[in-house]
Amino acid sequence: MKRHTRKILSVFALLIATAIYLPMVQADNHEAKIRAYIDSNIRAWLAADEIINAVDQQNIDHLGITEEEIDRLDQRWRTERLRPSGTLIASIMGNQFSAFLRGIKAASGGVITEIFVMDRYGLNVGQTNGTGDLMQGDEDKWQQTYLVSADAVFIDAVEEEDGINVAQVSLTVARPNSARLGAITIGINVDALKP
């Protein structure tokens, strides 16, 4: 009986160790896989006119926006998340640019879990899924890309979301002449990437 209990405990310990170790291995290897996916897939559509034009237009629309106005917009977004009858979230989620991004997500075959694009102030321009706030400019996804360089890439840690391992990758949105316009964040299903 003791031998049987020890075997069960050994198997149980092995299962726990595997459950802890495998995500760590995946996390260690996710950056190389994501960089390969960026080069083979994302770069092809990142400079699309739809993206450049949408971010450029919002930058023009927000020219001269103050910190107080950004804070008011962000607070309005957060309020609308609690009461979904507002027009700010609907204007972003329902715009043609967000529909374009949803098409990219759908065409990814499950690799892309979400996309959202930010302007030069860190405000959302378009998105496939809802975000908790409108203002992303205080987060690494914007600060480690837009503020750094036209070709900056920021790959975040892998986190489990709804049973899949997801890493957010952010890149600068820039014109072909390297003029920075904003940033994009893409949720990547790491498990769906090819080795």
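Some values worked out for this structure:
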read-out	value
From the options Ala47, Ala54, Ala36, Ala107, residue that is aliphatic (A, V, I, L, M), farther than 28 Å from Ala157 by Cβ and modelled with pLDDT of 90 or more	Ala54
Members of region 112-126 that are surrounded by fewer than 23 Cβ atoms within 10 Å (Cβ to Cβ) and either free of Cβ contacts under 8 Å to residues at least 40 places away in the same chain or over 12 Å from the mean Cα position of the chain (by Cα) (or both)	Arg120, Tyr121, Gly122
Breaking point among (1) assigned to a loop (DSSP other than H, G, I, E, B); (2) on the phi < 0 side of the Ramachandran plot; (3) in contact (Cβ under 8 Å) with a residue 24 or more places away in the chain, for Leu147	(3)
Subset of region 50-69 that is closer than 15 Å to Gln96 by Cβ and aliphatic (A, V, I, L, M) - its residue that is surrounded by the fewest Cβ atoms within 10 Å (Cβ to Cβ)	Ile52
Yes/no for Arg180 being touching a strand residue (DSSP E or B) at 6+ places or on another chain (Cβ under 6 Å) and farther than 21 Å from Asn41 by Cα	no
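Residue-by-condition table, conditions (1) part of a strand (DSSP E or B); (2) over 24 Å from Ala32 (Cβ atoms):
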position	(1), (2)
Leu101	no, yes
Ile115	yes, no
Thr131	no, yes
Lys141	no, no
Glu159	yes, no
Lys194	no, no
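The values are calculated or read from the model by the stated rules, or taken from the named source; none is laboratory data. Just so it is clear, the model here is predicted, and its values are computed rather than measured. Virtual Cβ from ideal backbone geometry, glycine too; neighbours counted across all protein chains shown.
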